[in-house]
Amino acid sequence: SHIFKKNEDLTKAWKGKTEQLLKIDEHDFTMRPAFGGPAIPVGVDVQVESLDSISEVDMDFTMTLYLRHYWKDERLSFPSTNNKSRTFDGRLVEKIWVPDVFFVHSKRSFIHDTTTDNIMLRVFPDGHVLYSMRVTVTAMCNMDFSRFPLDSQTCSLELESYAYTDEDLMLYWKNGNESLKTDEKISLSQFLIQKFHTTSRLAFYSSTGWYNRLYINFTLRRHIFFFLLQTYFPATLMVMLSWVSFWIDRRAVPARVSLGITTVLTMSTIITGVNASMPRVSYIKAVDIYLWVSFVFVFLSVLEYAAVNYLTTVQERKERKLRERFSCSCGIPHSKTMMLDGNYSESDANSLAGYTRNQMVPEEEKPEKVVVHLAMSNESNSSRKRGLKGHVGLRIIQNTHAIDKYSRLIFPGTYIVFNLIYWSVFS
Amino acid sequence: SKREIKMRKLDSTKVRPLKSEQLLHIEDHDFALRPGFGGSPIPVGIDVQVESIDSISEVDMDFTMTLYLRHYWKDERLSFRSNKNKSMTFDGRLIKKIWVPDVFFVHSKRSFIHDTTVENIMLRVYPDGNVLFSLRITVSAMCFMDFSRFPLDTQNCSLELESYAYNEDDLMLYWKHGNKSLSTDEHISLSQFFIEEFSASSGLAFYSSTGWYNRLFINFALRRHIFFFVLQSYFPAMLMVMLSWVSFWIDRRAVPARVSLGITTVLTMSTIMTGVSASMPQVSYIKAVDVYLWISFLFVFLSVIEYAAVNYLTTIEERKQLKKRGKASGMYSMDAVQAMAFDGCFHDTDVDMDLTPFPEPCEENETRTSQTNISNADTPRLRRKRSLKGNVGRIILQNNHVIDTYSRIIFPSVYIVFNFFYWGLYM
């Protein structure tokens, strides 16, 4: 009678049917199958759902994948007539042993848990287990930006067991190279995903031994169109705009100076804009080369006009001194003296066509005028002769706008050559 | 009575102990008591493998590091009989039932143990009771940074480990292999810094309320790569200063040109300075890059002031000459300089100008100048006579471009000297 009553008020929880089926009571989840014996082989299968983002600044990528483990645990075998697998709730994972795979070099990761933990546990009657979960992982990827934005990055996600060395747990790709599958629609806005493939290796830790490591490798090729539109095209337009300055009259000083300086300012703004979204690397990137060479072109166009202006001023001062020496200015009207500067054609300087226009000239100066004028014509002749004697500088001063003429050809020619070299090297 | 005892054993409410628990005598193991409780302090060896330094943030003054943290200690309560003397690896969930050291990171802001796919924990027990306990942790810790030499600076940061509860009478924390306890992955690298050295050190920390604690330090020095800042800040600033010197070579009569050149370079310098401060903490001292940018700004500013002086003195000179000549009927005989300033056209000699608000195009002005030949002939002579009287002040006024001539030499040489001082001092 005593005993009978004690049996009825059992305080122990009624065992769940699963636990009876899989003998969870006797299953020690802290010990791996074949504990103390040979290594247990665990097959891995991955289906990549999406590549969420690639970050240049952080040098990492975020991937969502279905990770499936296959192993055999005889402690979980159960009798069955039709040899079909049984699917259990994910919460049973807490009570059995599962492989402790982790992602090496991952920064953040989590198992999705909406609406419940995204975990699947399927046990076959002979003890084979299929354990699947949906994981999002952010992992490091060393990127090399020396050819940015014409670059290709190779990243890899690494799986390894945390505690068990290769003597305890052998991690392998279940179907070799076919173990990695991707959703059809997987695509990134900025990159073209070239290929996904799997490899495996052994990794050595000096304190803890050799571990099996599985790799998911993929190569990404960047789409250049965005950078063409955002960076290359504006830079090229700015350089072309700076060439407009060579076609404007050199007497229009404010115009040419402000054209030059505003293109420099715009190039500076474009350069700052590119570096805002880039990591601060210690080497030069392909886009930096293009922008800085363009900047140098624009800068040189400003310097070119400074040279033109300076030489024009020098020449003008010389002409003035020349005119002051023959102080009457020879009755040549100012419109004609203007021509002496070389602004228009120089042919009129030797003519006496405008000589008779002036009536204000005092009488006594007339003979001097003729003499002086002839002397002036000699002067201009001899100045040309002086040029022929090797005073190259003087000839260039007289034809200052020759610098402009040459620049109109040299600047575009050099820029086109640079472009040909650049695109053939980096493409 | 004997029968009663037997029945009680059958309906035991206690869960049957797991095999590992039987192996390690978990039932008798009180995880609240440290090994050697009440006796001498237990020595706990520490070994660290740094996986990566994820990021260094100047604004927050912290760094983020991912590392494998391994603890080694001896707990005789966990010893078990074994004929092979090999260690046994257990599932990470077993640590909830045994005593583990309570190491924490002093001055850390955020940290977490990675938990995908399971908690990244390894527990390995040797037959004699030695335990190896390994974790994979990401920790963000404070690092006090000194930016007075930014970006030519070197930062020293350290990660500090300490036991939270046990002072040195209870737990002795030490580096397991001395200086070699700290190892790093081969690929460890940062984009912006060069990692100079990793070193391990230890010390004692005193808390007035709780006593002396062992503290272990992971020290590393980071040297910043300057290339990015040379490209982003120093080089544009230098180019802007050089561009401001171009103004000294342009004819002083080109007022709009020189003013817009000067003011646009000031604007670009201002933009560069704002760009640098955007990604920096707001410190109360001056940084090396600030010194450079502000002095370059000063140079550019002075070039604008220089032209204002030149223009002002030119105007004074013109006003004096205007007073001497008196006013002609409705038309002003103006020197070429003032005429140029007025309508922006090139004038080589003195002209008569109709000072209407909207000047006519350049050619018509020149034809009108044919009336004033006589006065032009005299003025050069008069000008020279006045200068021979020895009025030094007036010589400077008359040859205003002397300021320009000196500036062309002074500004570049002072800037080059400044550069020598700056780079010699900071490098």
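Every number here is computed from the coordinates shown, using simple stated rules; none is lab data. Keep in mind that this is a model prediction, so the values were computed, not measured. With ideal geometry, Cβ positions are generated from the backbone for all residues, glycine too; neighbour counts draw on all protein chains shown.
Estimated from the Cβ-Cβ distance and a Förster radius of 30 angstrom, the FRET efficiency linking A:H401 and B:V414 is about 0.30.
Considering only the Cα atoms of the stretch A:24-222, their convex hull presents on average a projected area of 13.4 nm².
With viscosity set to 1.002 mPa s and temperature to 20 °C, compute the Stokes-Einstein D of the stretch B:20-224, Rh being the Kirkwood radius across alpha carbon pairs; µm²/s, no decimals. Using the Kirkwood radius from Cα pairs, D works out to 116 µm²/s.
Shown in residue order for the stretch B:21-36 are the 3J(HN,Hα) couplings computed by the Karplus curve 6.51 cos²θ - 1.76 cosθ + 1.60 at θ = phi - 60°: 5, 5, 4, 9, 6, 5, 4, 7, 8, 9, 6, 7, 9, 6, x, x Hz (x for Gly and Pro). In the stretch A:88-146, the ratio of gyration radius to Kirkwood radius, Rg to Rh, stands at 1.13 when only Cα atoms are counted. A:F103's amide H: which non-local residues (gap 5+, or another chain) put their own amide H closer than 5 Å, with H modeled 1.01 Å from N in plane and none for Pro or chain starts? When sequence neighbours closer than 5 places are left aside, the close amide H contacts are B:T117. Working from Cα pairs under 8 Å separated by at least six residues, relative contact order for the stretch A:135-228 is 38 percent. What is the percent of Cα-Cα separations in the stretch A:33-105 that go past 21 Å? Considering the stretch A:33-105, 49 percent of its Cα-Cα pairs are separated by more than 21 Å. For A:T87 and B:D102, the FRET efficiency from 1/(1 + (r/R0)^6), where r spans their Cβ atoms and R0 equals 45 Å, is about 0.65.
Its alpha carbons give the stretch A:116-157 an Rg and a Dmax of 19.0, 56 Å. Evaluating 6.51 cos²θ - 1.76 cosθ + 1.60 at θ = phi - 60° for every residue in the stretch B:255-261, the Karplus couplings come out as 5, x, 5, 5, 5, 5, 4 Hz, glycine and proline recorded as x. Short-range pairs are left out: with C-alpha atoms under 8 Å and at least six residues apart, the relative contact order of the stretch B:22-150 is 31 percent. Based on alpha-carbon atoms, the Kirkwood radius and the radius of gyration of the stretch B:188-240 give Rg/Rh equal to 1.35.
FRET efficiency for the B:Y312 to A:R325 pair, using the beta carbon distance and R₀ = 35 Å, is estimated at 0.65. 3J(HN,Hα) along the stretch B:186-192, derived from phi through the Karplus expression 6.51 cos²θ - 1.76 cosθ + 1.60 where θ = phi - 60°, amounts to 5, 7, 5, 7, 10, 6, 9 Hz, with x in place of Gly and Pro. Within 10 Å of the Cβ of each residue in B:79-89, the mean number of Cβ atoms contributed by other protein chains is 2. Distance distribution P(r), the stretch A:150-261, all Cα-Cα pairs, bin width 10 angstrom from 0: 11, 23, 18, 14, 11, 10, 8, 5, 0 percent.
For the stretch B:210-312, chymotrypsin sites (Phe, Trp or Tyr not before Pro) meeting the loop criterion (DSSP other than H, G, I, E, B) and having at most 16 other Cβ atoms within 10 Å: B:Y285. Residue by residue along A:165-173, Cβ atoms of other protein chains within 10 Å of the local Cβ number 1 on average.
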